[in-house]
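Undergrad: One structure coming up, written as structure tokens, with questions to follow.
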Amino acid sequence: MNKGSQKCELLVDPVNIETVLKSCLEKDDLHRFIRNVIGNGVIVAPVPIWKIRRKVMMPALTPKIVESFIDIFATQTNVLAQKLEPSCGTGEFSVWPFINRYTLVTETALGVKLKAQDDPNVPFLTALNRVTNLLSERIFHLWLQPDWLYKLFRGKYTEHEKCRFTMRDFVAEVISKKREERAINKTSEIETDFNIKDSHKDQTFLDLLIKSSGGDKGYNDVELREEILTLIIAGTDTSAVAIANTLVLLGKYPKIQEKVHEELSSVYGDSDRLLDKEDLPKLQYLERVIKESMRLYPPAPFLVRKLLREVALPSGHVLPAGSGVIISIWGAHRNPKYWGPDAECFYPDRFLPERLNLPHPCCYLPFSNGPRNCVGYQYAMMSMKGALSAILRRYKVIGTPEEGPIPRMKMKIDIMYNYRENETNPKMHYMYL
């Protein structure tokens, strides 16, 4: 296929996909629209910047550090469940706004309690949601892509810039206050001797990035802002989409939902206690449901890379230098050659350890693969398991059961891939168990 005058190749075979993901690390030029909003964050940064940024980011996202946020997750998932209560039993309603507000990760990223679950009109969240819609519109409408032409669409351009600066200014202000706080509280601690692995309690991602980058001599304010915005945007959208899609699927398959309820009952009993880190490994069936949901409906269905040199694929096909490559995660996840004749079916037990024997690592890549894979996948899994367990402990999703194992869901591409019913946000019924 051609993207303007540039040739683009579409890959669905995991063997070919692995070659590209491991050897072609530069993101396609389409990412410039996202880069214009968040800057050179680790997700979209050019390779020379990405190499440095990823090394700094990795120590701040270890499993031990991610687990330290469990109390925040427990509190926020409980708030999410409580916010759903007034709508339960009232018929069909949209669950998306509730999930979207829950997944806003400013408390773990910045230590700032926006209380977005209490106020749907928080300026930062409003700006984030609107700018992602504008970005998606621009990416998929060729006439909006040239900068000079986009500026002529004054309404869209003005709104885009307002949202961009609302987000940037908010994060910049928090960083400035953090710098002041550090200056006031400075002790005899020597930054070069700081051991991030042992001193992460009560730290935010902002704290951890400052310290892992070298303290006061590390990242400047712009670099911090770029990485924090990246964490917030990536952490909000991907998790929210996956949670919403999973709820829709459970509404379509009540027997699978019943098994989730049974597992939750075995872990929590009749207790209304908050989530604890020891609970997460016990929610094995729920994890399989999430993984199967992301297999059929990956939040990010495509990856786009740019070829700086000619690449010979294992299939024998040669990709020319200068071309773009679209990697279809959607296609790889549904490839019957690797997933079998039931590749289109919703079947969580395919992820049982004794059954899952994928012939290739790139058969399943909801968080990408290779050197530029998602560094926050453990954080995302904790967020998703926490939210879904909090909701399903208290409520049942009532939908129209599917007649067969292949779910029928209308999907709409934004920056992420999300379920849309009648071109609106995900809707479903809830009732008490």
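Since every read-out is calculated from the coordinates, none of them should be taken as a lab result. Computed from a predicted model, the values in this text were never measured in an experiment. Positions of Cβ are backbone-derived with ideal geometry, glycine not excepted, and every protein chain shown enters the neighbour counts.
Undergrad: So how strong a dipole does segment 2-432 carry about its Cα centre when Lys and Arg Cβ are +1 and Asp and Glu Cβ are -1, to the nearest 20 debye?
TA: Details: 59 positive and 53 negative charges, 198 e Å.
For segment 2-432, the charge dipole is close to 960 debye.
Undergrad: For every other residue with a beta carbon closer than 14 angstrom to the beta carbon of G235, add +1 if it is Lys or Arg and -1 if Asp or Glu, then tell me the sum. Please report the intermediate quantities before stating the final value.
TA: Numbers: positive: R101; negative: E107, E227, D237.
It works out to a net charge of -2.
Undergrad: If packing is taken as the average number of other Cβ atoms within 10 Å across a peptide's residues, how do 358-369, 285-296 rank, most packed first?
TA: Details: 358-369: 18.7, 285-296: 22.7.
Descending packing order for the listed peptides: 285-296, 358-369.
Undergrad: Based only on Cα atoms, what Rg/Rh ratio does the chain have, Rh being taken as Kirkwood's radius? Let's see the in-between values first.
TA: On the way: Rg = 21.8 Å, Rh = 22.9 Å.
The Rg/Rh ratio comes out at 0.95.
Undergrad: I would also like to ask the following. Among N36, P254, P336, flag the residue with its Cα farthest along the positive direction of the charge dipole of the chain, charges on Cβ as +1 for Lys/Arg and -1 for Asp/Glu.
TA: About the Cα centre, the residue reaching furthest to the positive side is N36.
Undergrad: Separate question: Could you give the alpha-carbon Rg of segment 32-120 over 2.2 N^0.38 Å, rounded to two decimals?
TA: Dividing the Cα Rg of segment 32-120 by 2.2 N^0.38 Å gives 1.42.
Undergrad: Given charges of +1 on the Cβ of Lys and Arg and -1 on the Cβ of Asp and Glu, with all other atoms neutral, how large is the dipole of segment 89-135 about its Cα centre, in debye to the nearest 20?
TA: Working: 4 positive and 4 negative charges, 26 e Å.
Computed about the Cα centre, the dipole is about 120 debye.
Undergrad: Something else: Wrap a convex hull around the Cα atoms of segment 315-408, take a quarter of its surface area, and give that in square nanometres.
TA: Numbers: hull surface 37.6 nm².
About 9.4 nm², averaged over all directions.
Undergrad: So if each residue of separation counts as 0.36 nm, and I subtract the Cα-Cα distance between N373 and D272, what length gain in nm does that give? Could the numbers behind the result be given before it?
TA: Details: separation 101, 0.36 × 101 = 36.36 nm, distance 3.65 nm.
Result: 32.7 nm gained on full extension.
Undergrad: Any idea which of C24, V171, T62 is furthest toward the positive side of the dipole for segment 2-432, if Lys and Arg beta-carbons carry +1 and Asp and Glu beta-carbons -1?
TA: The residue sitting farthest along the positive end of the dipole is C24.
Undergrad: Checking the table K115/K177; K83/K211; K51/K151 against a 27 Å threshold on Cα-Cα, which pairs fail? Before the final figure, lay out the partial values.
TA: Details: K115/K177 19 Å; K83/K211 36 Å; K51/K151 33 Å.
Correct reply: K83/K211; K51/K151.
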